[in-house]
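To start, the structure under review is shown below, and the notes come after it.
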Amino acid sequence: MRKPITPILPLVLLGLVASQPAAAASETWQYEVTPYLLAAGMEGTIGVQGYTAPLDISFSDIAENLDAGFMGMFTAQRGPWTLGMEGVYMKLSGGKSGTVTGPGGVVQVGGQLDIDNSMYIVQGSVGYRVLDDKTKVDLIGAVRWTKLDVDVSVVITFPGPVFDGAASAGGAEDWVDGVVGVRVLHPIADKVALLGYADVGGGGSDLTYQFMGGVNWEFKKDFTAKVGYRYLSWDYENGGTVWDVAASGPYLGLGIRF
């Protein structure tokens, strides 16, 4: 059972790069570590205690307010099976929204809605290769745990129907989503392959889904450059907290096999 919290207003930058070895399935364990960056903007609706605010922020806006961040994925493959573990940590400060909608109506807050947010994500996945020919196809099942620690402050310099004066609050919330998906890898040249990935699921979220397309280039033995585009959407609501947000943008990663 999820524990409702007092105000939480998340700004999230999430990265997920599906790491895929270029070689055929092996009967010995093969490992890969992939640090990566996701240049994502975010768009949607976020809310606290029944009050909602639109979100439309570019990657440059997010990067300006980024205090710290780490993204990476580890995979282990043997035969048709692939095990994966992803970790994400982001700390943002100074996020803003220009309007707030609540029971009293809409208030223009002039950018005085400030958010400090820390986000932790751990995702474990299991993949099984159902096609291991020139084109390789894996079926994926994953569980994603998300935790948010947020401090929110709202400053209104005039009496309004939603707020009067100033308000501030903080809180934490976490939830788990299960997803199922498919990953496809198709070579187009020596050491170069196209990657396609899609998943859908829910649990803590009413609905979450993503799709991704990219190119993997093994430019040196055991080193693979990964570039592409990714779109990830969540529809989460609990106890007045709303996170109906999509993040999308290009990604860049480096796969290191050993």
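FYI, it's all coordinate maths here, none of it is from the lab. Since we're looking at a predicted model, the values are computed, not measured. Positions of Cβ are generated from backbone atoms using ideal geometry, with glycine treated the same way; all protein chains shown enter the neighbour counts.
Let's test the formula: R0 of 22 Å, r as the Cβ-Cβ distance of Val182 and Ala225. What FRET efficiency results, to the nearest 0.05?
0.40
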What FRET efficiency would be calculated for the residue pair Ala189, Lys147, taking the C-beta separation as r and a Förster radius of 45 Å, to the nearest 0.05?
-> 0.60
Given a cut-off of 25 Å, name the pairs among Lys147/Lys221; Lys136/Lys220; Lys91/Lys136; Lys136/Lys191; Lys147/Lys220 whose C-alpha atoms lie farther apart than that in the structure shown.
-> Lys147/Lys221; Lys91/Lys136; Lys147/Lys220
Determine, at each q value in 0.10, 0.18 (inverse angstroms), the log₁₀ of I(q)/I(0) that the Debye formula gives when each Cα of segment 172-258 is one equal point scatterer.
-> -0.35, -0.84
List the residues whose amide H sits under 5 Å from the amide H of Gly202, counting only those 5 or more places along or on another chain, with H placed 1.01 Å from N in the peptide plane.
-> Gly178, Thr208
Count neighbours as other Cβ atoms within 10 Å of each site's Cβ, and list the trypsin sites (Lys or Arg not before Pro) in segment 200-232 that are DSSP loop with at most 15 such neighbours.
-> Lys221
Full extension between Thr135 and Phe70 adds, at 0.36 nm per residue less the Cα distance, a length in nm of 20.2 nm
With labels modelled as points extended 7 Å from the Cα through the Cβ direction, what inter-label distance (nm, one decimal) is found for Tyr31 paired with Leu254?
-> 1.9
